[in-house]
Structures are given as structure tokens and as C-alpha cells.
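Before any comments, here is the structure.
No value in this document is a laboratory result; all are computed from the given coordinates. The shown structure was predicted, so the numbers you read here are calculated from the model rather than taken from an experiment. For neighbour counting, all protein chains shown are included, and Cβ atoms are generated from backbone atoms with ideal geometry for every residue, glycine included.
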Amino acid sequence: MATLKEFEEALREQGMHMALAILERLRERDRAKRTVAPARRVAGRKMTPELARRILELHASTGMTQQEIAFELGVNQGRVNEVIKRGKWLTEDPSAPEAVARDKALARMERDIAGRRPTRARAPKKDAKPRKAASPQLTFGDL
């Protein structure tokens, strides 16, 4: 199977200028249809009860998809799903599982940024026996 570039070169070699013109018109048509997709967010908004209520409001009052709501509000689509399906983030309870998970993640990020993330070094086992090198399954003498 040839690539599009190889196909175009073959058309040029054969002098098929009409086919090349059609190919160029198709490219222009495709470029005109293409829209510039908005960039994905790097850091999203913090989930709050107000934002969760806004998600529910948009879900109930519009025909927007979860992805459209997420993009509109600058949050992850998974968070939108959690709010709609499970009612998460609707209270300001700091002991709620999602709030605890968020706080732990923020603490990890701060540690990482500060460069003080502890590394785990495994200590050797006390009873560990040295392993023998694996022997080949067959040797010349076995034949």
C-alpha cells in the first residue's frame, strides 16, 4: 500500500495534472472543515460544592454531554460523571472520601515540587540466600 505522498509523486511522474488538481481541492475542502480544537487544560479547577451544583444544573437544563460540560467548566469529564451519577462533591464535608483524596494528592504534589519526596530503599532480607546462576538446559555432553 502506498502512502499519499508516494501516490502524489506517481501522479506527477505520469503527468496526471487533473488528478493532482482534484487531490488538492480535496485537501482544501478538508482544511476548511477542520476546526482548531481547543487545548486541553493543564491544571483544572478545584472541585467545590458550587461547581458540582453548576454541573448538575447544566446537565438538567441543557442537552450538553458530560464532555461538553467538563470543557465548559474546565474540569475532568470523570469528575462530571462522579457528580451526576454518584452525587459526589455536593457537600463541603472535609472528611468526605473525595475531599480526603484531593487533600492527599495536593500534599503529594507539594512534596514533589519541593523535591523532598522520600525514596523507598529496599533492605535486603536477613535470611536471603545467594541465588545460583541458572544452568543451561542442555549441554554438548548431554547429546
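Take F7, F71 and order them by how many other Cβ atoms sit within 10 Å, fewest up front.
On the way: F7 13, F71 16.
Fewest-to-most ranking of F7, F71: F7, F71.
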**Report entry** Within-11-Å neighbourhood charge of E82 [Cβ basis; K, R +1; D, E -1]
**Finding:** +3
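Can you give the net charge of the other residues whose Cβ lies under 12 Å from the Cβ of L58, counting K and R as +1 and D and E as -1?
Details: positive: R53, R54; negative: E57, E68, E72.
Local charge sum for L58: -1.
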Report task. Report, ordered by chain and residue number, the aspartates and glutamates lying within cross-link reach of K104, taken as a straight Cα distance under 14 Å and ignoring same-chain residues fewer than 8 apart. Result -> D112
